[in-house]
Amino acid sequence: MSPRLLALWLKETIALLRDRHGLLALFIMPTLFILIMTMALRDAFTPGASIDAAYVVVDLDQSAHSQSLIKRLDKAAAFHRHQFNNDPEAARQGILSGQHALALILPKGFGERLLTPAGADGQPTAPLQLLVDPTLSPALQLAFRNQVMAALGALRADELTQRAGKLFGLPTAPGITEKEWPDEIRSIAVRKDSDERSAKLPSSVQQNVPAWLIFAMFFVVIPVSSIFIIERQQGTLQRLRAMGVPFRLILAGKLLPFFVLNQIQAVGMVLVGMFVVPLFGGEALEMPASLPLLFNWWAVAAAVSLAAVAWALLIASLAKTSEQATILGGVGNVLMGAIGGIMVPKFVMPAVMQKLAALSPMAWGLEGFHSVMLRHGSFADILPSLLQLLTFAAISLTLAIWLNHRALTARS
């Protein structure tokens, strides 16, 4: 191994250890992101978890059918119902005052026209009204609407069964009965391995640790650009050039120390997910149990690290000052994270944005981590992500070398 390369690695390590603020940003920021986002999204990945959105039901019909609908809604654990009087105006005022977010109004004649909307007199049925707090998320509004429609559909199905039984002389239970059915649906996570343990659905920490780890790795742009620009301003790079050290070797000397730093980041964030998140009430991060899967996980982490350091060196080569590098690198990272599924999951994006996400290196890394941690995929499954990340790293390094060579040529 070249003694000059070893000397460059030692120089970068010393410079990196002196940048305490940059090191704090690389470790404190992702730790806070993981803790905050994991706890904030904990219930989003827990089937049947309660949603902090209350509703009331104004029953103007007071029939057996309307009471049955209310009982069916009570069985759904997502939203919680407040006891309320049957006054529509009071329900409206309750939304304005923040006492509840939704109010379902069942009109008179609801039970009579359950299966015959036009009724015997041919008059149209008054629709169910759903009063909504406009500040409530549209996704939660749709979720509650779907919950009401599901309960209404089940109620109509039971009523049809009752009437068909009477029509054909089949035995039927008197009146409207509420059956306590067992849970007939079991959610199973589909993965490469098929043992009972692997079928468990992932928690929020399984989703958030890889995402924010990638985001943190790319913020290596701050210490890399800071050290690089200071060396350029102080003439260190010119002196190395005068000593006959090629610029590609200088960049190679910067790769290893920051690559090692990213790997320490990865281990640290995994430990946070495994041991710190449970202290705040979240579930512990579960790492792959087999050595091949752990190797695949490290392969993705290594590819992400190489892409992040190469991106940082490209930004440092483009920027003239540390302020420019911070702005270019910070904005670039936020944009890559926003479109790459780090901040907003890709499945909630419109189709155009999902196609745009395929251009983000952070999306490639996230797909690789998900293939290993959530699907327990093989090396072949993560290979496309690895190739994309390594290609991005190679292009970024090539551009960085070309930019610096052009700048040195222009000076000479």
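Read the figures in this text as sums done on the coordinates, not as results from a lab. Bear in mind that the values here come from a model prediction, so they are computed numbers and not experimental data. Methodologically, a virtual Cβ is constructed for each residue, glycine included, from the backbone with ideal geometry; neighbour enumeration extends over all protein chains shown.
Compared with the alpha-carbon gap, the fully stretched path from Ala407 to Asn146 is longer by 87.8 nm at 0.36 nm per residue. Put in order of Cβ neighbour count within 10 Å, fewest first, the listed residues Arg232, Arg248, Arg18 become Arg18, Arg248, Arg232. Relative contact order, whole percent, for the stretch 238-336 stands at 25, derived from Cα pairs under 8 Å and 6 or more residues apart. D for the stretch 313-364, whole µm²/s, Stokes-Einstein with Kirkwood Rh over alpha-carbon pairs at 10 °C and 1.306 mPa s: what number? D = 135 µm²/s. Exposure proxy for Met362, Met353: other Cβ atoms within 10 Å of each Cβ, ordered fewest to most, give Met353, Met362. Put simply, the amide H of Val58, placed in the peptide plane, has neighbours under 5 Å in Leu104, Ile105, Leu106, leaving out anything fewer than 5 places away on its chain. Shown for Lys320, Lys108, Lys346: other C-beta atoms within 10 Å of each C-beta, ranked fewest to most, produce the order Lys320, Lys108, Lys346.
Here the Karplus relation 6.51 cos²θ - 1.76 cosθ + 1.60, evaluated at θ = phi - 60°, turns the backbone of the stretch 248-264 into coupling constants of 4, 6, 4, 5, 4, x, 8, 5, 5, x, 6, 5, 4, 4, 4, 5, 5 Hz, with x for every Gly and Pro. When both the stretch 90-115 and the stretch 337-412 are represented by their alpha-carbon centers, they are found 49 Å apart.
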